[in-house]
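What follows is a short report on a single structure.
The values are calculated or read from the model by the stated rules, or taken from the named source; none is laboratory data. In this text the structure is predicted, and so the values were computed from the model without any measurement. Note that we place each Cβ from the backbone using ideal geometry, even for glycine, and neighbour counts take in every protein chain shown.
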Amino acid sequence: MENILEIKGLNKTYEGFALRDVSFSLPRGYIMGFVGENGSGKTTTIRSILDMAKFDSGKISVFGLDSVKDTIAIKEKLGVVFDSLYIADNLNVKQIEQQFKPFYKDWNSDEYAARIKKFGLPTDKTVGDFSKGMKMKLMVAVALSHNAEFMILDEPTSGLDPVARDELLDILAEYIEDEKRSVLFSTHITSDVERIADYVTILHNGKVWFTGTKDDLTENYVVVKGAEEDIPSGIKEKLIGFHSYRNGFDAMMKAEDTDMLSDELETEKASIDEILVYIAKEDRRERDNEADKV
Amino acid sequence: MKEIMKLIRFDFMTSVNSALPFFCGMLIICLILTAFGVFNPVFGVFLFISSAAFFAPAQNAANNPDFRRVRGILPVNRASFVRAEFTETIAALLASEIITLILMGISRLSKLYEIFPPKLEVFCKEIHTCDGIDVGEGNIVKFVHLVILVCVLLIVQVTFINMRAAIERHEHDIRNVLLVFSGVIIAIIVSIELVTNRIIPQYEEWLFPSTDAGTWIWGIALNAAAVALGILFCRIAEKKTADYEI
């Protein structure tokens, strides 16, 4: 299976934050949800792919090309959508086409006009008068009109109402239907990932916590609940994000370790949202333990 | 060069809705005044200001963190963004200078103001025949010198400010605008003072040549020097920002 995106050993340090050994890949024809809490490094990774941020070490390949040396060739075939508008808001959709068209060899005006019509974007209004959902659709229309084979979206659904979010996800699902194109979208709305992603990469504190298929992720982790005294010995270390209450505890663990649990404990499949929450809880617990030691 | 032209077009498109009516309005006023033979370089200053409306909003937008991200998306060399910014600035100012000088020339030929009622005709005639600013003791600083001087100073100052804005990554603010205008005004006052008080009489002919040929050579040399400085500022900005993150 050909990878449309490959990141190997990406390292990047800022003051107070670092991406550490980030590696993952996305095969052609699939959608990858790129999730993690705020500040986990999603946007920095995306900016590195786009050569907007200079990384310290590692290698990024898009379409098999080097993200730094071949950035212009890559961007010819890449569509990008950010969470906020990067287009001048005093222009109408026709003027925006005139702005972007000269930069792309494969710009297709008919495709752009069809997208604008399909998305129901008004042609007589300036972009400043558009709703957030309309602005997002406009950026998608621009991204799709130069025959992009790969789309990168950074938090595209944040701030959108449920209807606009649903429409955007449908657009992405339709985009990869020909199995030649791929989508990488970062989000912290995990229901969007559950709905359309084939692959998931979870970034936590600048490191890849998980990368693989969505099914692997959700089948490999379970939420455990019950009384604390029912936890068999040697299992507590395997619990992620352990949290005890007056009436019991809850935590997450790998599904493969559930054989060692007693029948008194309840287990259920973890959702991506729960996985993120337990990762954050585990992090907090480790920090508290460190503080207690000090 | 193709990339730079595409980017200039991109910036032009960003500003065109707001800049075009403003610039066309100014140009129409200037053309009417020229037709009646009363175009004065003071109106040329308005042309310079309105030409800035074509590049300043787009360049300001480019220094805004949201809009700057378009630089990470378009398939264009990073250096071309900087070069386009400087090219459009210099081109707009030079175009304003040339238009102003042409309109001054045409205005000198037209005597359409003679159709006005006598009082207005006298007033217009004074404007028409005025060749420059009388600075006393028979000294005149010609308007043509002032137009060239203003344009040259604007090229140097605006490109310098562009360089600073690119390196320091901030948007143009009112301090920059004040800096430009105060710089131009101070330079003109100092020049006039030098001529009026004959502080350095031996250099007077160099400062403001009295012959047409001398004026042309002086103008071309000054503009070329200003453009060269602008290119230097561009190269510095290009080099300093090469590793910047977008």
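Could you tell me whether B:GLU126 is modelled with pLDDT of 85 or more and either part of a helix (DSSP H, G or I) or not basic (Lys, Arg) (or both)? Step through it out loud before you land on a result.
Details: modelled with pLDDT of 85 or more: no; either part of a helix (DSSP H, G or I) or not basic (Lys, Arg) (or both): yes.
Considered against the rule, which asks whether it is modelled with pLDDT of 85 or more and either part of a helix (DSSP H, G or I) or not basic (Lys, Arg) (or both), B:GLU126 comes out as no.
If A:SER84 meets every condition in (1) in contact with a helix residue (DSSP H, G or I) (Cβ under 9 Å, 6 or more places away or on another chain); (2) within 11 Å of chain B (Cβ to nearest Cβ); (3) within 23 Å of B:LYS6 (Cβ to Cβ) apart from one, which number is that one?
(3)
Which is in contact (Cβ under 8 Å) with a residue 12 or more places away in the chain and over 26 Å from the mean Cα position of the chain (by Cα), of A:ASP110, A:ASP129, A:ASP106? Walk me through how you get there before you give the answer.
Working: A:ASP110 fails: in contact (Cβ under 8 Å) with a residue 12 or more places away in the chain; A:ASP129 fails: in contact (Cβ under 8 Å) with a residue 12 or more places away in the chain.
Going through A:ASP110, A:ASP129, A:ASP106 in turn, the sole match is A:ASP106.
Residues in the range A:57-104 that are closer than 25 Å to A:PRO27 by Cα and not hydroxyl-bearing (Ser, Thr, Tyr): how many?
First pass over the range A:57-104, keeping only residues closer than 25 Å to A:PRO27 by Cα: A:57-83, A:104.
Subsequent filtering for residues that are not hydroxyl-bearing (Ser, Thr, Tyr) retains A:58-60, A:62-66, A:68-70, A:72-83.
So the count comes out to 23.
Pick from A:GLU76, A:GLU149: which is under 23 Å from A:ARG47 (Cβ atoms) and touching a His at 6+ places or on another chain (Cβ under 9 Å)? Please lay out each step first, then the result.
Working: A:GLU149 fails: touching a His at 6+ places or on another chain (Cβ under 9 Å).
Criteria check complete, one pass: A:GLU76.
List the residue pairs whose Cβ atoms are under 7 Å apart, where the first residue sits in the range A:1-17 and is surrounded by fewer than 16 Cβ atoms within 10 Å (Cβ to Cβ), the second is among the aromatic types (Phe, Trp, Tyr), and the two are 6 or more positions apart or on different chains.
A:ASN11/A:PHE55
Look at A:LEU138 and say whether it is within 17 Å of A:LEU169 (Cα to Cα), part of a helix (DSSP H, G or I) and within 14 Å of another protein chain (Cβ to nearest Cβ).
On the way: within 17 Å of A:LEU169 (Cα to Cα): yes; part of a helix (DSSP H, G or I): yes; within 14 Å of another protein chain (Cβ to nearest Cβ): yes.
The answer is yes for A:LEU138.
Quick one: A:ASP89 ticks every box in (1) at pLDDT below 90; (2) touching a Ser or Thr at 6+ places or on another chain (Cβ under 9 Å); (3) surrounded by 17 or more Cβ atoms within 10 Å (Cβ to Cβ); (4) of a type outside the set (Ser, Thr, Tyr) bar one, so which box is it?
Among (1) at pLDDT below 90; (2) touching a Ser or Thr at 6+ places or on another chain (Cβ under 9 Å); (3) surrounded by 17 or more Cβ atoms within 10 Å (Cβ to Cβ); (4) of a type outside the set (Ser, Thr, Tyr), A:ASP89 violates only (3).
Just for helices (runs of 4 or more DSSP H) wholly inside the range B:1-108: which have at least 1 residues that are more than 14 Å from chain A (Cβ to nearest Cβ) and either more than 16 Å from B:THR159 (Cα to Cα) or among the hydroxyl-bearing types (Ser, Thr, Tyr) (or both)?
Details: elements: B:2-35, B:41-62, B:65-68, B:70-73.
In the range B:1-108, B:2-35, B:41-62 are the helices (runs of 4 or more DSSP H) which contain 1 or more residues that are more than 14 Å from chain A (Cβ to nearest Cβ) and either more than 16 Å from B:THR159 (Cα to Cα) or among the hydroxyl-bearing types (Ser, Thr, Tyr) (or both).
For the range A:36-63, which positions are of a type outside the set (S, T, N, Q) and in contact (Cβ under 8 Å) with a residue 60 or more places away in the chain? Working first, answer last.
Taking the range A:36-63 as the starting set, the residues that turn out to be of a type outside the set (S, T, N, Q) are A:36-37, A:39, A:41-42, A:46-47, A:49-56, A:58-60, A:62-63.
Once the filter is applied, which keeps residues that are of a type outside the set (S, T, N, Q) and in contact (Cβ under 8 Å) with a residue 60 or more places away in the chain, the range A:36-63 yields A:GLY36, A:GLU37, A:GLY41, A:LYS42, A:ILE46, A:ILE49, A:LEU50, A:VAL62, A:PHE63.
Considering (1) crowded, with 21+ Cβ neighbours inside 10 Å; (2) of a type outside the set (S, T, N, Q); (3) away from every other protein chain (no Cβ under 14 Å), say which one A:GLY120 fails and leave the rest.
Single failed check for A:GLY120: (1).
Can you pull out every residue in the range A:98-117 that is buried (at least 16 other Cβ atoms within 10 Å of the Cβ) and more than 10 Å from chain B (Cβ to nearest Cβ)?
Once the filter is applied, which keeps residues that are buried (at least 16 other Cβ atoms within 10 Å of the Cβ) and more than 10 Å from chain B (Cβ to nearest Cβ), the range A:98-117 yields A:TRP107, A:TYR112, A:ALA113, A:ARG115, A:ILE116.
Give the number of residues within the range A:51-65 that are buried (at least 17 other Cβ atoms within 10 Å of the Cβ) and at negative phi.
Number satisfying all stated conditions: 6.
Test A:GLY39 against the stated conditions and say whether it is more than 14 Å from every other protein chain (Cβ to nearest Cβ), at pLDDT below 90, closer than 25 Å to B:ARG71 by Cβ and surrounded by fewer than 16 Cβ atoms within 10 Å (Cβ to Cβ). Outline the logic, then answer.
On the way: more than 14 Å from every other protein chain (Cβ to nearest Cβ): yes; at pLDDT below 90: yes; closer than 25 Å to B:ARG71 by Cβ: yes; surrounded by fewer than 16 Cβ atoms within 10 Å (Cβ to Cβ): yes.
For A:GLY39, the condition - more than 14 Å from every other protein chain (Cβ to nearest Cβ), at pLDDT below 90, closer than 25 Å to B:ARG71 by Cβ and surrounded by fewer than 16 Cβ atoms within 10 Å (Cβ to Cβ) - is met.
Given the conditions (1) free of Cβ contacts under 8 Å to residues at least 24 places away in the same chain; (2) within 21 Å of B:ASP131 (Cβ to Cβ); (3) under 23 Å from the mean Cα position of the chain (by Cα), which single one is not true for B:LEU103?
(1)
Yes/no per residue for (1) under 16 Å from A:GLY212 (Cα atoms); (2) touching a Lys or Arg at 6+ places or on another chain (Cβ under 8 Å):
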position	(1), (2)
A:TYR14	no, no
A:MET32	yes, no
A:ASN38	no, no
A:ARG47	no, no
A:LYS59	no, yes
A:VAL81	no, no
A:LYS94	no, no
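Here are B:ILE217, B:ILE185: which of them is at pLDDT 85 or above, surrounded by 12 or more Cβ atoms within 10 Å (Cβ to Cβ) and farther than 13 Å from B:THR159 by Cα? Working first, answer last.
On the way: B:ILE185 fails: at pLDDT 85 or above.
Exactly one of B:ILE217, B:ILE185 is at pLDDT 85 or above, surrounded by 12 or more Cβ atoms within 10 Å (Cβ to Cβ) and farther than 13 Å from B:THR159 by Cα, namely B:ILE217.
Does the range A:52-69 include one or more residues that are at the interface with another protein chain (Cβ under 10 Å from one of its Cβ atoms) and of a type in the set (A, V, I, L, M)?
yes
Taking the stated definitions as given, is B:PHE160 in contact with a Phe, Trp or Tyr (Cβ under 6 Å, 6 or more places away or on another chain), among the aromatic types (Phe, Trp, Tyr) and either at pLDDT 70 or above or surrounded by 11 or more Cβ atoms within 10 Å (Cβ to Cβ) (or both)?
Details: in contact with a Phe, Trp or Tyr (Cβ under 6 Å, 6 or more places away or on another chain): yes; among the aromatic types (Phe, Trp, Tyr): yes; either at pLDDT 70 or above or surrounded by 11 or more Cβ atoms within 10 Å (Cβ to Cβ) (or both): yes.
Yes; evaluated as a whole, the condition is true for this residue.
Looking at this structure, is A:TYR14 more than 30 Å from B:THR14 (Cα to Cα) and at the interface with chain B (Cβ under 10 Å from one of its Cβ atoms)? Write out each step before concluding.
Values: more than 30 Å from B:THR14 (Cα to Cα): yes; at the interface with chain B (Cβ under 10 Å from one of its Cβ atoms): yes.
Criteria met by A:TYR14.
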